[in-house]
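Q: A single structure is presented below for examination.
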Amino acid sequence: ATKPIELKELQTSSPPSDGKLRTLVIPRPSELTYPQLGPKDTPEISVKLRFYGPHDLVDRKAQVDEALKYLEQATGFKEIDRFLIGFDGVRWAGGDEVCAKGQEEVDYLLKSGVWEHMSENPALKTLGVSDFSPLHLQTLLDNIPKDGSPRRPKVNQLNFERDLPEEL
């Protein structure tokens, strides 16, 4: 077996109080092993791929494929129960307000063929989005036929960054 990647020096804001040098060991994904699981013990796998930066500089379909390949190499999982897509420019904080910010990202998802590309992959059991406002989600749904090709999103993961009451 090959040795894990070792980083001998880490930059920190302050040296350790005991003055000893620390070693960070990062295993290679191909060397990770997972226990054999029975059908009832198999975990559900959810993945969120978030796109950052301008779309014209990167092949987003290739990014999806690379992410899935890396995930399989790292975990051995060949199927993903929920695959979500998110964009840096799309954020919805909840509430009733209409949020049009990030609409160009939703348009890109449709026009670029990225959604169809994900939809055609049988290893992705359920497709979804992240932080889409009702307007974003309606735009996506209005542009995907109801006949199942491409598949429609089944999940909209929302990240709330509001202060929660202390009694929770």
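Q: Can you name every residue in the stretch 114-140 that is surrounded by 15 or more Cβ atoms within 10 Å (Cβ to Cβ) and assigned to a loop (DSSP other than H, G, I, E, B)?
A: Scanning the stretch 114-140 gives Asn121, Asp131, Phe132, Ser133.
Q: Of everything in the stretch 102-128, what is over 14 Å from Ile144 (Cα atoms) and in contact (Cβ under 8 Å) with a residue 12 or more places away in the chain? Give them in sequence order.
A: Gly102, Gln103, Glu104, Glu105, Asn121, Ala123, Leu124, Lys125, Thr126
Q: Could you grab me the full set of residues in the stretch 112-132 that are under 17 Å from Arg91 (Cβ atoms) and out of contact with any Lys or Arg (no Cβ under 8 Å at 6 or more places or on another chain)?
A: Val129, Phe132
Q: Hey, another quick one. Residues of the stretch 144-168 being in contact with a Phe, Trp or Tyr (Cβ under 9 Å, 6 or more places away or on another chain), at pLDDT 85 or above and assigned to a loop (DSSP other than H, G, I, E, B), which ones?
A: The answer is Ile144, Pro150, Arg151, Pro153.
Q: Here are Lys48, Lys20, Lys40, Lys8: which of them is open to solvent by 40 Å² or more (accessible area, probe 1.4 Å) and modelled with pLDDT of 80 or more?
A: Of the residues listed, the single one that is open to solvent by 40 Å² or more (accessible area, probe 1.4 Å) and modelled with pLDDT of 80 or more is Lys48.
Q: Across the stretch 66-90, which residue is farthest from Gln103 (Cα to Cα) among those that are open to solvent by 60 Å² or more (accessible area, probe 1.4 Å) and without any contact (Cβ under 8 Å) to a residue 24 or more places away in the chain?
A: Glu72
The values are calculated or read from the model by the stated rules, or taken from the named source; none is laboratory data. Keep in mind the model is a prediction, meaning the values are calculated, not measured. Note: ideal-geometry Cβ built from the backbone for every residue, glycine included; neighbour counts use all protein chains shown. In case anyone asks, the SASA skips ligands and DNA or RNA and just uses the protein heavy atoms, side chains included. Shrake-Rupley method; radii C 1.70, N 1.55, O 1.52, S 1.80 Å.
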